[in-house]
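J.: First the structure, then my questions, so here it is.
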Amino acid sequence: MSLSAQLRSELAQLVGQTNQTVRVVDGQRSVRCEADRVEPLAVTALVLVLETPELANVTLFEIQAASADLCRRVNYLLEPIAPIETDSQGCSVQMRSNPPQQDDNGRRYYELHLSRGGSVELCRYEKQPGQPRTRVPAVLTHEVTCRLVDDFVATVEGL
């Protein structure tokens, strides 16, 4: 069973629960979803992470290409995702909503990290005027959560 199918099954079993960490494994890959709340159709996720050995020894060029691929694939969130920073020493790429969601209460945006060593991570942040940014739950349908996992996997398989 694929990681996304396992995750969907685990989320279905946790409906109505709060503060849950779901971890599913397929071979050497694993997905961790830290859920603030699980509802019948959605999860409020604090973090969604794919850990995989494909990223263990990637080059900077490969991780930049993978981030571009991931941005093309993940085109169904509230805001489009784009690379914003590359760390050549740490061999990682940070991607964010571009542009972020903005209203009178501040800005909210997705942030993804693709890192050598083995992870693809998605979080959501909020930045209110005059305050430091804070991590907030991302409200994702179960379908979107599983699609993200599939897109994370497809991106690393392309390396």
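All of the numbers you see were taken from the coordinates with simple rules; none came from a lab. As the structure is a computational prediction, the values presented were derived from the model and not from experiment. Quick reminder, even Gly has a Cβ in these numbers, built from the backbone with ideal geometry, and neighbours come from all protein chains shown.
J.: Restricted to Cα positions, what overall size does region 23-159 have along the principal axes? Three whole-Å values, descending.
T.: Result, largest extent first: 43, 35, 23 Å.
J.: Using a Förster radius of 22 Å, what is the FRET efficiency between residue 157 and residue 76 based on their Cβ-Cβ separation? Nearest 0.05, please.
T.: The computed FRET efficiency comes out at 0.65.
J.: Show me, for region 140-148, the HN-Hα J-couplings you get by feeding each phi into the Karplus relation (A = 6.51, B = -1.76, C = 1.60, θ = phi - 60°), rounded to Hz, glycine and proline as x.
T.: These are the phi-based 3J(HN,Hα) values: 10, 5, 4, 4, 5, 4, 5, 5, 4 Hz.
J.: Okay, next question. Convert each backbone phi in region 77-88 into a coupling constant with the Karplus relation 6.51 cos²θ - 1.76 cosθ + 1.60 (shift: θ = phi - 60°), then list the ³J(HN,Hα) values in order as whole Hz, x for Gly and Pro.
T.: 7, 4, 10, x, 9, 9, x, 10, 7, 10, 9, 5
J.: Let me ask another. Work through the residues other than residue 28 whose Cβ is under 13 Å from its Cβ and net out their charges, Lys, Arg +1 and Asp, Glu -1.
T.: Combined, the nearby Lys, Arg, Asp and Glu give -3.
J.: Now for a different question. Name the long-range amide H neighbours of residue 81: under 5 Å, sequence gap of 5 or more, or other chain; modelled H, no Pro or chain starts.
T.: Sorted by chain and number, the residues that satisfy this are 98.
J.: Which FRET efficiency value, to the nearest 0.05, do you get for residue 68 and residue 39 by plugging their Cβ-Cβ distance into 1/(1 + (r/R0)^6) with R0 = 25 Å?
T.: About 0.15, to the nearest 0.05.
J.: Counting Lys and Arg as +1 and Asp and Glu as -1, what is the net charge of the other residues whose Cβ lies under 12 Å from the Cβ of residue 64?
T.: Taking every Cβ under 12 Å from that of residue 64, the sum is -3.
J.: What list of ³J(HN,Hα) values in whole Hz, one per residue of region 97-111 in order, does the Karplus curve 6.51 cos²θ - 1.76 cosθ + 1.60 (θ = phi - 60°) give from phi, with Gly and Pro shown as x?
T.: 4, 9, x, x, 6, 9, 8, 5, 8, x, 10, 10, 7, 7, 9
J.: Separate question: Give me the extension gain from residue 60 to residue 85: residue separation times 0.36 nm, minus the current Cα-Cα distance, reported in nm with one decimal.
T.: That works out to 7.8 nm of additional length.
J.: A further question on this structure: Between residue 20 and residue 101, how many nm apart are label points set 7 Å from Cα along the C-beta direction?
T.: According to this spin-label approximation, the distance is 2.3 nm.
J.: Using the Cα centre of region 3-157 as the reference point, and only Cβ charges (+1 on K/R, -1 on D/E), how large is the resulting charge dipole? Debye, rounded to the nearest 20.
T.: 220 debye
J.: Rounded to the nearest 500 deg cm²/dmol, what is the calculated helix-only ellipticity per residue at 222 nm for the chain, with -39500 (n - 2.57) per DSSP H run of length n ≥ 4?
T.: -8500 deg cm²/dmol
J.: Once amide H atoms are placed 1.01 Å from N in the peptide plane, what residues at a sequence separation of 5 or more from residue 58, or on another chain, have their amide H within under 5 Å of its amide H?
T.: Excluding prolines and chain starts, which carry no amide H, the hits are 117.
J.: Something else: With the crude spin-label approximation of a point 7 Å out along Cα→Cβ, what separation in nm comes out for residue 12 versus residue 126?
T.: With each label placed 7 Å out from Cα toward Cβ, I get 3.2 nm.
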